[in-house]
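Before any comments, here is the structure.
Where a number appears in this text, it was derived from the coordinates with a stated rule and is not lab data. Please read all numbers here as calculations on a predicted model, not as lab measurements. Cβ: placed from backbone, ideal geometry, glycine included. Neighbour counts: every protein chain shown.
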Amino acid sequence: MYEKINDGEYPTITESKAIIRFQDCDPLQHLNNSKYFDYYFNAREDQVAKLYGFKFSEVFKNYRTSWVVYQHQIAYIRPAVVSEWVKIFSRAIYFDTDTLVTEYFMTDENKTELKNFMWTTSKYVSVETGRRVPHQKDIMHYLAATCEKDVNFNQISFNDRIKVVKQELLLKQSFL
């Protein structure tokens, strides 16, 4: 379902590059608000498969479970525009027995300008009943190994977290 890399030490933040497609933009040539979700979710699926060897389809097949979106918090800070290369980052910032919070953000190609920021809360559910179920032991192990430990999700607000990420971009800290 997932592979150990670097002697079991996983990077907690994932990064990929994408180009903003004309078909995904509004008449002002800005990325359509709803398309940020597609860019983020597609990037995350590719990122965790490549970095951790994690495949969502195997969770579905092996456990008959999946994460379903419960809530989004999203901030549109600067527009991403047609034909622009952007960087997409994602990381798990919180989990418990049946919940996962993933943080996503998009920057310009040079990682100097924050364009968008999002938190997605997902619940782990049985595909047969649609009801919440606890994460299996190996899923909990995977989440513990890949969750960012430096984000105190229960103590920081969404807007304060945006300020932290903007400051990190400004300082160009090594996590990017």
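So here's what we get for this one:
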read-out: Taking all pairs of distinct alpha-carbon atoms in the range 89-176, Kirkwood radius in angstrom; value: 14.4
read-out: Dipole in debye (nearest 20) - the chain, about Cα centre, beta carbon charges: Lys, Arg +1; Asp, Glu -1; value: 200
read-out: In range of the label at TYR70: residues from the range 125-141 whose backbone nitrogen is under 16 Å from the point 7 Å along Cα→Cβ; value: 125-127, 130-136, 140
read-out: Exposure proxy ranking, count of Cβ atoms within 10 Å, fewest first, for LYS149, LYS111; value: LYS149, LYS111
read-out: Semi-axis lengths, Å, the chain, gyration tensor of Cα atoms, sqrt of 5 times eigenvalues; value: 27, 19, 16
read-out: Share of pairwise Cα separations in the range 8-79, more than 15 Å, in percent; value: 67
read-out: Paramagnetic label zone (point 7 Å from Cα along Cα-to-C-beta, GLN29; backbone N under 19 Å) in the range 94-110; value: 108-110
read-out: Neighbour-count order for TRP85, TRP67, fewest beta carbons within 10 angstrom listed first; value: TRP85, TRP67
read-out: Kyte-Doolittle mean at least -0.5 and Cα axial length at least 18 Å: DSSP H helices in the chain; value: 158-171
